[in-house]
Amino acid sequence: MTHLRQLMLDELQRRNYSPSTVRCYIHAVEDFSKYFHRSPERLGPSHIREYQVHLFRDRKLSPRTIQGRSAALRFLFVKTLRRPYLPDEIPFPKCPRKLPTVLSPEEVARLIDSARNLMHRTMLMTLYATGLRRAELCHLKVTDIDSERMVIHVHQGKGSRDRDVLLTPKLLETLREYWRWMKPKSYLFPGMVNNWRADVPITEKIVWDAVAHAAKQAGIKKHVSPHTLRHSFATHMLEAGADLRTIQVLLGHSKLEHTTVYLHLSRRHLQAIPSPLEAIEVSRPDEIKRSRRRMKR
């Protein structure tokens, strides 16, 4: 391990960055160094500019991915190498703001019923019933299921924050049936080691595959991922009358503004106030003169 790598790891760890962020930052800096075949200590603003252009033009990475790479470079140069004058030389690219995909309740039901087996069905139901992130699902433990209080404890979710989420009777019934079949020890959804079931967290790839397979079997044409069930949970909660603050707490959002996106997805809120077009008088469409021009055949 190089001195610079160890120095950056120390800076990340003493700020208590999550393991996934640490891995991403280290990988980004390694890629930056390999591109120029020299240590980052010997690189500067012109190299950063060239590298960002390379990521866009040659590698064709998405703006959000390049944002993550840029954050890693900022941390390296400003926090680790102590060059506080460099942030303006490492801009974050603008990202298009797209509304997330949301399934209808009927589509969610078809998705769950199309799961490959009981384990996959239980995972899909848990994602939709609680709004958990896939990493939070993977690290759930049997002891996190609190049937007395009807909540599920989420420990050290995104941002290292604990929270409780809903445990519904229908989900509890499925979890009990699943437990009687799987008999998990520590982790609720155990993974594999050398093709044998072991008491380790399931990988996120397994969750992705479970959702993708169920979506294909259900004939759902939308792009469906584990996060789609989280978006659907929040939108359906809002349409059922839950307030934004409650949804923010259940989702584990640090800021309310992150939750307001669901106002744009909720049919109840979109249709609550009529369009101003409905308040004015206009001629009926069948009374309007047609053009004499006809389209060429």
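The values are calculated or read from the model by the stated rules, or taken from the named source; none is laboratory data. Not measured: the values here are computed from a predicted model. Here the Cβ is made from the backbone with ideal geometry for all residues, glycine too, and neighbour counts use every protein chain on show.
The table below lists the values:
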read-out	value
Counted residues, segment 104-115 - those being surrounded by 17 or more Cβ atoms within 10 Å (Cβ to Cβ) and part of a loop (DSSP other than H, G, I, E, B)	2
Among the candidates ARG57, ARG42, ARG23, residue that is without any contact (Cβ under 8 Å) to a residue 24 or more places away in the chain, under 30 Å from ALA135 (Cα atoms) and not acidic (Asp, Glu)	ARG23
Subset of segment 157-183 [over 26 Å from the mean Cα position of the chain (by Cα) and either of a type in the set (D, E, K, R) or surrounded by 15 or more Cβ atoms within 10 Å (Cβ to Cβ) (or both)]	GLU173, ARG176, GLU177, ARG180, MET182, LYS183
Residue within segment 140-163 that is touching a helix residue (DSSP H, G or I) at 6+ places or on another chain (Cβ under 6 Å) and under 17 Å from HIS227 (Cα atoms) present	yes
Selection status of ARG121, part of a helix (DSSP H, G or I), in contact with a Ser or Thr (Cβ under 8 Å, 6 or more places away or on another chain) and surrounded by 13 or more Cβ atoms within 10 Å (Cβ to Cβ)	yes
Where ARG161 falls short, out of the listed (1) part of a helix (DSSP H, G or I); (2) in contact (Cβ under 8 Å) with a residue 24 or more places away in the chain; (3) more than 20 Å from ILE202 (Cα to Cα)	(1)
Residue among THR101, THR122 that is over 29 Å from LEU7 (Cα atoms), modelled with pLDDT of 95 or more and among the β-branched types (Val, Ile, Thr)	THR122
Criterion: in contact (Cβ under 8 Å) with a residue 40 or more places away in the chain, touching an Asp or Glu at 6+ places or on another chain (Cβ under 8 Å) and among the aliphatic types (A, V, I, L, M) - qualifying residue of LEU4, LEU12, LEU73	LEU4
Restricting segment 186-214 to residues that are among the aromatic types (Phe, Trp, Tyr) and touching a residue at least 60 places away in the same chain (Cβ under 8 Å), the residue that is farthest from ARG134 (Cα to Cα)	PHE189
Selected residue (only one of THR21, THR101 is under 27 Å from the mean Cα position of the chain (by Cα), among the polar types (S, T, N, Q), within 30 Å of LEU124 (Cα to Cα) and not in a helix (DSSP H, G or I))	THR101
Unique match (being in the same structural domain as LYS158 (by TED's automatic domain parsing), among the acidic types (Asp, Glu) and more than 24 Å from ALA109 (Cα to Cα)) among ASP199, ASP209	ASP199
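To keep it simple, each residue is scored yes or no on (1) exposed (fewer than 12 other Cβ atoms within 10 Å of the Cβ); (2) outside any helix (DSSP H, G or I).
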| site | (1), (2) |
| --- | --- |
| HIS223 | yes, yes |
| THR228 | no, no |
| HIS231 | no, no |
| HIS236 | no, no |
| ALA242 | no, yes |
| ILE247 | no, no |
| LEU250 | no, no |
| HIS253 | no, yes |
| LEU263 | no, no |
